[in-house]
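Here is the structure we will look at.
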Amino acid sequence: MQTASNPPMEDAMSVQDREELALKLLASLPRSRLAILQQQITPLLQFDIVGSLPTEVALQVFGHLPYHTLLLCSLISKQWQKLANDQSLWKKLCDARGWAWRQPPRYQQANASRDNLDQLDDEGIGESDEEYEDVYVESVEEAKVELTMMHAELDSGLMQLAMTSTSAGAASKWSARAKNRTRHSAPSAVPNKNANTELPGRRRADYKLLHQTHIRLRNRFLTPSYRVSPLQTKGPLNNGGHISTIYCLQLYTDPETGKQVLFTGSRDRTVREWNLNTRMVERVIGGIHASSVLSICVHNGYLASAGSDRQLALWDLKAGRLVKSLIEHEDSVLCVRFNDEYLVSCSKGA
């Protein structure tokens, strides 16, 4: 029995004596037992230096690492993952490349004047109805070009949203499908515990997502890495697609919901909104143009369309109504674009 006058044997022995005793004991064990002991001893020899540092100091260390090393560090342990995902690190990497997180502005109140509305802008490429026959993508190279354009639009338009303009107008014909199906662009896989405080009406800045999106798109441009996802083909229509040639398209991310959709304009005189997840048409916008829709521009909840009927139309996507239509050109309107203040269009005529 151990007493105060008889200290434990390990305290009475020197470190060297205990080492020699341990070696003798280990030498007496079979190899199978030594293997088990080795597994039990190994964790005692490991020490997480970074994890034991104060968070501020650990972030200083991680701040010298490139992005691919940070991604590897996030796989080491939960503590390292928390450090490697810190928004301050990814903001620094984004700042070094000039990548800024841009917040989409809230919809402003309806106070735009008719003068501004008359000058609304747009962009697009199209031809008059008589000069175009049905054209389809016939080669992989053409598909590459189309997909690259979509990715570029996604990259530049992911946070590029702003427009102010509303005006009473005529009713339009709308149809909606699969309203309960949604697709959100670029969801974050990591909780943003260290992100800036989120203000009402603003999306929380996720600099890791921003950085990884730029890197992913850059790699897709530099390497032939893509996946073609056809929405409409020459086959029978079973998803509500167009019944004639498609002349224009634009990817669009709603600034309020984050939902990403594709709008297409066609020779069939309609604009259609596609759900990229289900590959089905969710909405058909028509009843205004008397001939082909040659160009569209979608911006901050509004859609402008231009046609070979010399007409420009502005639609409120949220309210589902026509805001205003204009006929100012003397020939087909080939392209249209608009921003907060102006709408710009160009035509074959004067």
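The values are calculated or read from the model by the stated rules, or taken from the named source; none is laboratory data. Remember, predicted model here, so these are calculated numbers, not experimental data. Here the Cβ is made from the backbone with ideal geometry for all residues, glycine too, and neighbour counts use every protein chain on show.
Overview of results
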{"quantity": "The listed residue being touching a residue at least 24 places away in the same chain (Cβ under 8 Å), part of a helix (DSSP H, G or I) and among the hydrophobic types (A, V, I, L, M, F, W, C), out of LEU89, LEU37, LEU44, LEU70", "calculated": "LEU89"}
{"quantity": "SER305 vs. criteria outside any loop (DSSP other than H, G, I, E, B) and over 29 Å from THR233 (Cβ atoms)", "calculated": "no"}
{"quantity": "1 or more residues at pLDDT 80 or above and surrounded by 17 or more Cβ atoms within 10 Å (Cβ to Cβ): qualifying strands (runs of 3 or more DSSP E) within region 167-274", "calculated": "246-253, 260-266"}
{"quantity": "Residue match in region 58-65 (condition: at pLDDT 90 or above, at negative phi, outside the structural domain of THR213 (by TED's automatic domain parsing) and loosely packed, with under 10 Cβ neighbours inside 10 Å)", "calculated": "yes"}
{"quantity": "Qualifying residues in region 275-292 (those that are touching a residue at least 40 places away in the same chain (Cβ under 8 Å) and under 19 Å from ASP331 (Cβ atoms)) - the one surrounded by the most Cβ atoms within 10 Å (Cβ to Cβ)", "calculated": "SER292"}
{"quantity": "Unique match (being assigned by TED's automatic domain parsing to the domain that holds VAL271, closer than 21 Å to LEU251 by Cβ and buried (at least 24 other Cβ atoms within 10 Å of the Cβ)) among SER308, SER295, SER332", "calculated": "SER295"}
{"quantity": "From the options SER74, SER139, residue that is at pLDDT below 95, in contact with a Lys or Arg (Cβ under 9 Å, 6 or more places away or on another chain) and not charged (D, E, K, R)", "calculated": "SER74"}
{"quantity": "Filter pass, ALA313 being part of a loop (DSSP other than H, G, I, E, B) and either closer than 15 Å to ARG269 by Cα or within 28 Å of the chain's Cα centre (by Cα) (or both)", "calculated": "no"}
